[in-house]
Structures are given as C-alpha cells and as structure tokens.
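Peer 1: My questions all concern the structure below.
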C-alpha cells in the first residue's frame with residue numbers, strides 16, 4: 001500500500017509504495033517501499049491492473065508495446081493490481097508477478113496489490129482522483145483506468161478503462177524539437193471528444 005506523506009502531497013513524488021517485481025532495476029528485493037521520487041523527470045502512466053479481466057490480454061500487450069517504444073524517451077508505466085472489480089485480481093502479489101512476467105514478460109514495475117476506491121483506497125489513488133475529472137466522477141470505474149502524469153509529477157489526464165493503451169500514442173503526437181519531445185494533447189473519452197491545443201513538455 002502507498003504510504004500517506006506527512007505533509008500535504010503536491011505531486012506523485014510525495015508517495016512511497018510497496019514494490020514486488022524483482023526484475024525491475026529500481027528495487028533490489030520484493031516487498032520494500034519505493035519512493036516515487038525515483039521517477040522524477042519521467043512521464044508516468046499509472047494503471048490499476050487485473051489478471052482475470054476481459055481486457056487483461058489487450059491491455060498488457062499494448063502496455064508492453066507502449067513501454068518498449070518510449071521507455072528510452074522517458075516513459076514509465078506503473079501497474080497497481082487491484083481486486084475491487086469483479087474479484088478479477090484474486091492472487092497474491094507473488095502470483096500476480098509470476099503471471100505478468102511469465103505470460104506477458106512485462107518489464108515495467110508491478111506494485112503491491114491495493115484498493116483504489118473506498119475508505120481503504122491507497123493514498124496515491126486518493127491523490128490521483130483529486131483532479132476535476134468531470135464526467136469521470138471520483139471513483140475508478142473498473143480495471144485498467146489510466147492516469148497520465150507529467151515529468152513534474154502532476155496528473156494531466158485520466159482515461160477510461162476501455163481506452164486502449166496504444167490509442168494514447170495516436171492521441172499524443174510525438175515530435176522532436178530542440179532535443180526535447182513535445183506532446184500535442186488530444187484527449188478522447190470513448191465517444192466524447194475534446195481537444196487541448198496546448199503543447200505540453202512531457203519528456
């Protein structure tokens with residue numbers, strides 16, 4: 001579970017979370033706390049995941065593809081198992097890790113299983129949901145909801161569980177300028193579409 005900062009959190013970097021994936025370079029042993037400040041300067045895609053969901057195969061496959069393509073440019077995907085939606089993540093942390101690493105060979109970090117809604121929700125997720133998300137409401141709707149966090153640790157977009165990971169690539173047109181990638185954000189929420197013409201420096 002993510003630990004609540006002693007001060008009022010200002011970014012995702014103010015949280016620590018339990019880490020369970022041995023393969024990932026930031027952590028040397030499972031079950032230890034990880035300070036999300038380790039990810040300063042990276043763009044984060046934070047996702048609540050599940051192993052037995054109808055969207056598991058497509059999401060893990062596309063998350064792997066997205067991570068492989070953009071990890072060297074500063075993208076990191078943070079996966080948080082959660083069993084609050086249809087009991088579709090019933091296993092232990094070790095079983096979840098084995099499933100993800102064996103079946104999908106994912107090399108992005110898999111964290112401790114958490115709750116994302118309700119009184120026992122992870123402090124990190126309470127922070128993520130603080131944004132004025134309009135039609136989303138406060139609660140996470142289902143497995144594979146996605147939060148996009150900029151390199152300053154600020155949440156800039158939230159996507160429905162049904163948003164395919166690779167569609168973020170289509171919506172965020174990457175281009176090089178003065179050695180720095182810029183993203184032209186075009187957010188799409190299922191059938192509701194809107195545009196944000198600002199250029200935001202993510203990487």
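Peer 1: Can you tell me which residue is surrounded by the fewest Cβ atoms within 10 Å (Cβ to Cβ) among those in segment 92-107 that are touching a strand residue (DSSP E or B) at 6+ places or on another chain (Cβ under 8 Å) and farther than 17 Å from residue 67 by Cβ?
Peer 2: Across segment 92-107, the extreme among qualifying residues is 93.
Peer 1: Now for a different question. May I ask you to verify whether residue 40 is modelled with pLDDT of 90 or more and surrounded by fewer than 19 Cβ atoms within 10 Å (Cβ to Cβ)?
Peer 2: Criteria met by residue 40.
Peer 1: Just to be sure I understand the filter: pairs with C-beta atoms under 6 Å, separated by 6 or more residues or on different chains, first member in segment 40-57 and under 20 Å from residue 17 (Cα atoms), second member modelled with pLDDT of 95 or more and surrounded by fewer than 20 Cβ atoms within 10 Å (Cβ to Cβ). Which pairs pass?
Peer 2: As it stands, the answer is 50/88, since those pairs meet every condition given.
Peer 1: Related question: Within segment 67-82, track down each residue that is surrounded by 19 or more Cβ atoms within 10 Å (Cβ to Cβ) and either out of contact with any strand residue (DSSP E or B) (no Cβ under 7 Å at 6 or more places or on another chain) or assigned to a loop (DSSP other than H, G, I, E, B) (or both).
Peer 2: Matches in segment 67-82: 70 only.
Peer 1: Can we say residue 113 is touching a helix residue (DSSP H, G or I) at 6+ places or on another chain (Cβ under 9 Å) and modelled with pLDDT under 95?
Peer 2: The answer is yes for residue 113.
Peer 1: Is at least one residue of segment 147-165 at pLDDT below 95, within 14 Å of residue 46 (Cα to Cα) and assigned to a helix (DSSP H, G or I)?
Peer 2: Yes; the residues of segment 147-165 include at least one that is at pLDDT below 95, within 14 Å of residue 46 (Cα to Cα) and assigned to a helix (DSSP H, G or I).
The values are calculated or read from the model by the stated rules, or taken from the named source; none is laboratory data. The structure presented is a predicted model; accordingly, all values stated were derived computationally and were not measured. Heads up, the Cβs are rebuilt from the backbone with ideal geometry, glycines too, and the neighbour counts pull from every protein chain shown.
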